[in-house]
């Protein structure tokens, strides 16, 4: 029996699914470290876990270490320490190092969390990525902008999910960004050369430093364009076949990037660009499961439970390579503006035309507040053996479904 601790600042629905899967793996005794009080856990979750330790801040490594010691006194020594959030990876690594728990160490966690450091490591290893500079002063920013030209991308050095990321196309954009950045005294920003081309993911499993499984997905449009245009209903597609010439280079560069960063045993989420000349460039890497329904889609495309796969890998270091059987894709439903969902139009036609192609969905709920994230107010996931059928279905969804928002009085 392996005793493991799952660190989850709050047990929201996405995290809860990972926790339940980990708790149900045979041979695993799972405890949860969280800010959520035990009496607020739902009955299913409370019954599944072996222990609970409440902390005020689950991102504080000292509080997590104290919780792990406390759980060890209750359940026996904690042998694995896991969590899925990007912001948790460095604190978890610090606790592992301090308590001698196997898993990703702090140096590797910083390589995949701190974006400027990441690109420096990749560049030294000869892995293609955007030119970049970490800046804390206006003069440093101007020097870099004059070196690479516009457009550029500005982002926090430890960002995740394209949050607080800006594309600067003109010097007027630069002036506006500088005014905002100066208001955050002491903050560093990462400036990157703007990469052109099609953006994709490379989601992979690495065991003892060897990439043993990978899944490629296509973004349409890119996440940055989605952030810039909050009304755009966007798509992610997992093609049925990912061994063609358009993906050949990432199957070489992706594992090389993970090796350079020091990733040993992990599920990783990588974003990369296919440039017009056929070359690729790595955008970002996270040593954690993907978000935005990608985890579920990978499971649907391979006829596996991705959440169980993740838990077995990270806690027991067990992995059976699944085969890709389907193409799969998700359309994200987004309304224009802010406020609350008044209604959703076009769903009846979509259900009538797509039928059994729809395998998952979360529909916008009338009365619900508009989303603050790029995933929008809801989504619809489809699956078919033919990638073209999936793409056509997604095009139908985003062209026919309209989320109506109304401003609150």
log10 of Debye I(q)/I(0), alpha-carbon scatterers only, for region 2-103 at 0.24 Å⁻¹: -1.44
Principal axis dimensions, largest first and in whole angstrom, of region 352-409 by Cα: 46, 19, 16
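Give me the percent of Cα-Cα pairs in region 131-193 that sit more than 21 Å apart, rounded to a whole number.
On the way: 192 of 1953 pairs.
Result for the distance tail: 10 percent.
Just order 46-52, 194-200, 352-358 by mean Cβ neighbour count inside 10 Å, highest at the front, would you?
Details: 46-52: 16.0, 194-200: 17.9, 352-358: 12.6.
With the highest mean Cβ count within 10 Å placed first, the list reads 194-200, 46-52, 352-358.
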Dimensionless Rg/Rh of region 259-409 - Kirkwood Rh, Rg from C-alpha atoms: 1.03
222 nm mean residue ellipticity, helices alone, for the chain (DSSP H n ≥ 4; -39,500 (n - 2.57); rounded to 500): -10500 deg cm²/dmol
Quotient of Cα Rg and 2.2 N^0.38 Å for region 58-133, N being how many residues it contains: 1.33
Alpha-carbon gyration tensor eigenvalues x 5, square-rooted, for the chain, Å: 31, 28, 23
Residue order, fewest to most surrounding Cβ atoms within 10 angstrom, among 108, 372: 372, 108
q = 0.11, 0.16, 0.24 Å⁻¹, region 90-199: log10 I(q)/I(0) [Debye, one scatterer per Cα]: -0.41, -0.78, -1.36
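At a Förster distance of 60 Å, what's the computed FRET efficiency of residue 39 paired with residue 228, Cβ-Cβ distance as r, to 0.05? Let's see the in-between values first.
On the way: r = 43 Å, r/R0 = 0.71.
That gives a FRET efficiency of 0.90.
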Debye equation applied to the C-alpha atoms of region 137-242, log10 I(q)/I(0) at 0.18, 0.21 Å⁻¹: -0.97, -1.14
Rotationally averaged projected area of region 186-233 (alpha carbon convex hull; nm²): 6.2
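Computed from the coordinates by the stated procedures, all read-outs in this text should not be read as laboratory data. No experiment lies behind these values; they were computed from the predicted model shown. A quick note on method: Cβ atoms are made from the backbone with ideal geometry, for glycine too, and the neighbour counts reach across all protein chains shown.
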